[in-house]
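In what follows, a single structure is set out as structure tokens and then discussed.
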Amino acid sequence: MTTTPTTGRAPGYETTSEAGHGAPPEAGHGTTSDAGRGTPRDVWVERLWEAVSDGDEYAALDLAEEILDSGVDAESFLLDFVGAVQRRVGEEWAADRISVAQEHAATAVNERVVAALARHPAARPRTPGRGRIAVACVDGEWHALPARLVAEVLRLRGWQVDYLGAQVPTPHLIRHLHRTGPDVVALSGSLPTRLPTAHATITACQAASIPVIVGGAAFGPDGRYARLLGADHWAADARGAADHLAEHGLRTPRPAHAPLDDLPHLADQEYTLVSRSSPQLVRAVLAGMEERFPQLREYTDLQRQHTAEDIAHIVDFLAVALYVDDGELLTGFMTWTAEVLAARGVPHRSLLPALDLLSDRLTDFPRAAALLGRAHEAVRRVPAPPVPGPGKSA
């Protein structure tokens, strides 16, 4: 079992998370035109994709200026053009049509396009003076473009935005809140494995008397984990966040609460014990895999490293599924991983012995055993990739 590269991203989190909290383009924006010349939105998006995927920053910036000069408003450009292209970046990576390096280069070009937008007349705020908001990624979250898109949309809507970027440690965020006194915090997360950290950050902000709005694929497509972790607001995308704050205002943050207040199932200690023993679990599973998956003995050192990383991701998703008590997190991740492996020509059934070995190590953990059983069944149901016919390469 090995993916090259290893990702640790859950289903949909790579293909949508960089596109403004994972929302598809809104209905009605599919044929945005350039105010006179009738250039279809899809043609512009394709041209932007070509520039971004080629790493051609200058072509992307020139095209962005052309689109904005045509009369497309800045918010639509951010979410329906840049967002659409970034979703495609993730989809192309998942299908093994671009490498991680190409993915990173394309994302960097998109970030430059977003930064350049601030200089265009179309990017002037519509109604300044709404309030001050701090926009940050959860500690350990490196996917910064969704948060950046949210920050830019809120700025366009008249908010004074403190954009803090990726990987913001909670103590530093709280120090910033005490120093600047924003009206609200917008917290972005794409990786569900960071949900326990997000929970701690939400409660810390609320303890500082500042409400928290959260978004991103990590919190679930319907915001289920936002509600579970006690966030004050949730939004599916950048437009939704801006609309919600404009229509509903700012609530008084929830009073101080501890993790067990929100998640009483944590009292069984399964999450704590699994997360603390993660290195030992990974080593034990890797050792056992040589017996149950003999091909592993022929792996190179690099392949073994990737396999160990894959096992670590499985343990991470098992732990967070225990944290929120939701088996869909683990089964979804395992199904997605199986599909990614298949796209790379790796037999996804190699995931099954890893799940079995974990189950053997966790027989005294009833919730974990049940989650692993469901994940095993989900992987088993993923169809095998087609066998190449005569004259076709694998």
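The values are calculated or read from the model by the stated rules, or taken from the named source; none is laboratory data. Nothing here was measured: the structure is a model prediction, and the numbers come from that model. Here the Cβ is made from the backbone with ideal geometry for all residues, glycine too, and neighbour counts use every protein chain on show. Each accessible area value is taken on the protein alone, full model and side chains, heavy atoms only, with ligands, DNA and RNA left out. Shrake-Rupley method; radii C 1.70, N 1.55, O 1.52, S 1.80 Å.
May I ask you to verify whether ARG349 is in contact (Cβ under 8 Å) with a residue 40 or more places away in the chain and open to solvent by 60 Å² or more (accessible area, probe 1.4 Å)? Here the answer is no, as ARG349 does not meet what is asked. Of the residues contained in the range 260-282, one or more are found to be free of Cβ contacts under 8 Å to residues at least 24 places away in the same chain and basic (Lys, Arg). Answer yes if at least one residue in the range 184-195 is at pLDDT 95 or above, among the basic types (Lys, Arg) and closer than 16 Å to ALA136 by Cβ, and no otherwise. Yes, the range 184-195 has at least one match. Per the conditions (1) more than 16 Å from the chain's Cα centre (by Cα); (2) modelled with pLDDT of 50 or more; (3) closer than 29 Å to ASP310 by Cα, the sole criterion not satisfied by THR4 is (2). Taking the range 279-321 as the range and being open to solvent by 10 Å² or more (accessible area, probe 1.4 Å) and in contact with a Pro (Cβ under 7 Å, 6 or more places away or on another chain) as the test, the residues that pass are ARG292, PHE293.
What about TYR58, is it touching a helix residue (DSSP H, G or I) at 6+ places or on another chain (Cβ under 9 Å), open to solvent by 60 Å² or more (accessible area, probe 1.4 Å) and free of Cβ contacts under 8 Å to residues at least 12 places away in the same chain? Here the answer is yes, as TYR58 does meet what is asked. Selection of the range 252-278 for residues being part of a loop (DSSP other than H, G, I, E, B) and either closer than 27 Å to ALA217 by Cβ or open to solvent by 40 Å² or more (accessible area, probe 1.4 Å) (or both) yields THR252, PRO253, ARG254, PRO255, ALA256, HIS257, ALA258, LEU263, GLN269. Could you list, in sequence order, the residues of the range 155-173 that are within 18 Å of the chain's Cα centre (by Cα) and among the hydrophobic types (A, V, I, L, M, F, W, C)? Across the range 155-173, the qualifying residues are LEU164, ALA166, VAL168.
The helices (runs of 4 or more DSSP H) found entirely in the range 279-394 that carry 1 or more residues being hydrophobic (A, V, I, L, M, F, W, C), within 22 Å of THR193 (Cα to Cα) and over 27 Å from the mean Cα position of the chain (by Cα) are 351-361. Please enumerate the residues belonging to the range 331-367 that are charged (D, E, K, R) and under 26 Å from ASP268 (Cβ atoms). Across the range 331-367, the qualifying residues are ASP356, ASP360, ARG361, ASP364, ARG367. When the range 219-251 is filtered for residues that are part of a loop (DSSP other than H, G, I, E, B), of a type in the set (Gly, Ala, Ser) and surrounded by 16 or more Cβ atoms within 10 Å (Cβ to Cβ), the ones remaining, listed by number, are GLY220, GLY223, GLY230, ALA231, ALA235, ALA236. Residues in the range 179-193 that are open to solvent by 10 Å² or more (accessible area, probe 1.4 Å) and assigned to a helix (DSSP H, G or I) were compared, and the one that is nearest to LEU329 (Cα to Cα) is THR193.
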